[in-house]
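Asker: Sharing a structure here in structure tokens format.
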Amino acid sequence: MLLLIKNADIYAPEPGGQCDLLIGGGVILGMEPNIRVPRKYCEVIDARNLKALPGFIDGHVHIMGGGGEGGFATRTPDLPLTDAIKGGVTTVVGCLGTDGQTRSMAGLLAKAKGLEEEGISTFVYSGSYGLPLRTLMPSLEEDLLFIDKVIGAGEVALSDHRSSQPTFEAFAQVVAMARRGGLLSGKAGIVNVHLGDGPRGLEFLRCILTETELSAAQMLPTHINRNPGLFEEGIAYAKAGGFVDFTTSTLPAYLEDGEIPCAEALRRMLEAGVDPGQITFTSDGQGSLPDWDRNGRLRGISVGRVTSLFPAVRQAVLEEGIPLQTALRVITQNPARILKLRRKGCLAPGMDADIVLVDPHDFEIRTVIAKGCLLMKAGRMQTKGMFE
Ligand code: ZN
């Protein structure tokens, strides 16, 4: 059965005017005005007065849960499919974080395959916070070569009390392995780098550019909006050609402590002259959000949500005055290009049919289509995870 979306206001993410979208076999077959198909061959969705956006890409999600850093009881739960659907997230990149011991690459890959069976597209990073990397195959290069879903390494922690305190050489070797594995497999071979609040900040990443033959294209540092100092470093790093990723899941206490809201961070980067193509947003979904008091005691703990991703873009448009086509890029076209997800991130014939229809006034998500299947239709869930 074909799916025909009629009269949508296209943001591909570039504005494309009013068009119909014909979908079949999981891909966009046509995108032009007045597509005609006999009714008996297709389901028609009237999208007049709705905007059609590419399905959102969330490039940093703890899909199998993470270590809560407050004991076993704080281990966070895995990603429910319905959270992804509610958030318009049709592609996720799963990763392990602090806990690379009770969570494993095998489990991460199994969860990614499960979500793929349930309807969304998934990829994973190999490894976790610590170095040396614990990969599934004997090396990162082999993970990239022989496991389709592996697109790089991460999240490798730097400048953080929870990192493995790797030497610069150990970090550079991981970036080099990612480079080689990426070249051989035709994948991004990128290292997703967790930055903590430590004073070394982006030092190792800058050293990669000055001390080695490796390029900034091999690294995607995340949590760049976590404090004002790191953010300022991030501006300089992005202007020198580096990618920067901001985290949308947050707590009021983090913002009080100096974290910069993603929408504001995007505006300030653009005002500073950073190329909008260098910036991505990710949710850090299912990661733990511990709330420590001044004495280091855990006051409470909550869990990051993939549903925080699009509201940050909406806020950038509605409150920071950033054009929709620019703000949208940070969760569509940019991650697709940076992570080399070739059939993702924009609306065009031949691309995967990952589409989100939103209300033009309040930007509420109305309909979600992933790989050509309706997961949410006019605000109503069409499917759910196996055990939801
Ligand atoms: Zn992290």
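Asker: Among the listed residues T74, T90, identify the single one that is modelled with pLDDT under 95 and of a type in the set (V, I, T).
Answerer: Of T74, T90, the one residue that is modelled with pLDDT under 95 and of a type in the set (V, I, T) is T74.
Asker: Considering segment 24-52 alone, what residues qualify as being open to solvent by less than 60 Å² (accessible area, probe 1.4 Å) and under 16 Å from A348 (Cα atoms)?
Answerer: Residues satisfying the conditions are G24, G26, V27, I28, G30, M31, I35, K51, A52.
Asker: Right, another one. How many of the residues making up segment 228-237 are open to solvent by 30 Å² or more (accessible area, probe 1.4 Å) and closer than 17 Å to G198 by Cα?
Answerer: The initial filter retains those residues of segment 228-237 that are open to solvent by 30 Å² or more (accessible area, probe 1.4 Å), namely 228-229, 232-233, 236.
Those left that are additionally closer than 17 Å to G198 by Cα: 228-229, 232-233.
The total comes to 4.
Asker: Which of (1) of a type outside the set (A, V, I, L, M); (2) open to solvent by 20 Å² or more (accessible area, probe 1.4 Å); (3) in a helix (DSSP H, G or I) does D148 not meet, given it meets every other one?
Answerer: So the condition that D148 fails would be (3).
Asker: For segment 110-122, indicate whether the set of residues that are assigned to a strand (DSSP E or B) and in contact (Cβ under 8 Å) with a residue 24 or more places away in the chain is non-empty.
Answerer: yes
Asker: Considering each residue of segment 159-173, count those that are part of a loop (DSSP other than H, G, I, E, B), open to solvent by less than 40 Å² (accessible area, probe 1.4 Å) and not hydroxyl-bearing (S, T, Y), and give that number.
Answerer: Counting residues in segment 159-173 that are part of a loop (DSSP other than H, G, I, E, B), open to solvent by less than 40 Å² (accessible area, probe 1.4 Å) and not hydroxyl-bearing (S, T, Y) gives 2.
Asker: May I pose another question? Are any residues in segment 300-319 open to solvent by 10 Å² or more (accessible area, probe 1.4 Å) and closer than 18 Å to G67 by Cβ, and if so, which ones?
Answerer: Of everything in segment 300-319, those that are open to solvent by 10 Å² or more (accessible area, probe 1.4 Å) and closer than 18 Å to G67 by Cβ turn out to be G300, I301, S302, V303, R305.
Asker: Report yes if D83 is under 25 Å from G345 (Cβ atoms) and within 16 Å of the ligand (Cβ to nearest atom), otherwise no.
Answerer: Spelling it out, it is not the case that D83 is under 25 Å from G345 (Cβ atoms) and within 16 Å of the ligand (Cβ to nearest atom).
Asker: So, A188, is that one open to solvent by 10 Å² or more (accessible area, probe 1.4 Å) and either without any contact (Cβ under 8 Å) to a residue 40 or more places away in the chain or assigned by TED's automatic domain parsing to the domain that holds F123 (or both) or not?
Answerer: no
Asker: Looking at segment 320-339, which of its residues are open to solvent by 30 Å² or more (accessible area, probe 1.4 Å), touching a residue at least 12 places away in the same chain (Cβ under 8 Å) and out of contact with any Lys or Arg (no Cβ under 6 Å at 6 or more places or on another chain)?
Answerer: The answer is G321, Q325, T326, R329, Q333, R337.
Asker: Pick from segment 278-299 the residues that are more than 29 Å from A112 (Cα to Cα) and part of a strand (DSSP E or B): which of them is most open to solvent (accessible area, probe 1.4 Å)?
Answerer: R299
Asker: Separate question: Please go through segment 146-173 and give me each residue that is away from the ligand (no atom under 16 Å from the Cβ) and either within 22 Å of the chain's Cα centre (by Cα) or among the charged types (D, E, K, R) (or both), ordered by number.
Answerer: I147, D148, K149, V150, I151, E169
Asker: While we're looking at this one, here's another question. Which strands (runs of 3 or more DSSP E) does segment 1-75 wholly contain that include 1 or more residues that are of a type in the set (F, W, Y)?
Answerer: Where strands (runs of 3 or more DSSP E) fall fully within segment 1-75 and carry at least 1 residues being of a type in the set (F, W, Y), they are 2-11, 56-61.
Asker: Next question. Just for segment 234-283: of the residues that are of a type in the set (D, E, K, R) and touching a residue at least 40 places away in the same chain (Cβ under 8 Å), which one is farthest from the ligand (Cβ to nearest atom)?
Answerer: Initially, segment 234-283 is screened for residues of a type in the set (D, E, K, R), giving 239, 245, 256-257, 259, 264, 267-268, 271, 275.
Going one step further and asking which of them are touching a residue at least 40 places away in the same chain (Cβ under 8 Å), we end up with 245, 264, 267.
On the way: D245: 10, E264: 20, R267: 23 Å.
The qualifying residue farthest from the ligand (Cβ to nearest atom) is R267.
Asker: Only one of these is more than 30 Å from I23 (Cα to Cα) and either hydrophobic (A, V, I, L, M, F, W, C) or away from the ligand (no atom under 16 Å from the Cβ) (or both): L289, L341, L309. Name it.
Answerer: L289
Asker: Still on this structure, I have one more. So in segment 341-358, with the set limited to residues that are in a loop (DSSP other than H, G, I, E, B) and over 25 Å from S185 (Cα atoms), which one is least open to solvent (accessible area, probe 1.4 Å)?
Answerer: First pass over segment 341-358, keeping only residues in a loop (DSSP other than H, G, I, E, B): 341-351, 353-354.
Checking which are over 25 Å from S185 (Cα atoms) leaves us with 347-349.
Details: L347: 6, A348: 29, P349: 79 Å².
Filtering first and then ranking leaves L347.
Asker: Taking the condition of being polar (S, T, N, Q) and either open to solvent by 30 Å² or more (accessible area, probe 1.4 Å) or not assigned by TED's automatic domain parsing to the domain that holds A73 (or both), how many residues in segment 238-277 meet it? So that I can check it myself, show each step before the final result.
Answerer: Keep residues of segment 238-277 that are polar (S, T, N, Q), which gives 247-250.
Subsequent filtering for residues that are either open to solvent by 30 Å² or more (accessible area, probe 1.4 Å) or not assigned by TED's automatic domain parsing to the domain that holds A73 (or both) retains 250.
Residues in segment 238-277 being polar (S, T, N, Q) and either open to solvent by 30 Å² or more (accessible area, probe 1.4 Å) or not assigned by TED's automatic domain parsing to the domain that holds A73 (or both): 1 in total.
Asker: Separate question: Got at least one residue in segment 318-332 being closer than 24 Å to L79 by Cα and more than 17 Å from the chain's Cα centre (by Cα)?
Answerer: No, because not a single residue in segment 318-332 is closer than 24 Å to L79 by Cα and more than 17 Å from the chain's Cα centre (by Cα).
Asker: Evaluate segment 85-95: report whether one residue or more is in contact (Cβ under 8 Å) with a residue 40 or more places away in the chain, outside any strand (DSSP E or B) and open to solvent by 20 Å² or more (accessible area, probe 1.4 Å).
Answerer: The answer is yes, given that some residue of segment 85-95 is in contact (Cβ under 8 Å) with a residue 40 or more places away in the chain, outside any strand (DSSP E or B) and open to solvent by 20 Å² or more (accessible area, probe 1.4 Å).
The values are calculated or read from the model by the stated rules, or taken from the named source; none is laboratory data. From a predicted model like this one, the values you see are computed outputs, not experimental measurements. FYI the Cβ positions are ideal-geometry reconstructions off the backbone, even for glycines, and counts take in every protein chain you see. Just so you know, the surface numbers come from the protein's heavy atoms only, side chains and all, with ligands and any DNA or RNA stripped out. Shrake-Rupley method; radii C 1.70, N 1.55, O 1.52, S 1.80 Å.
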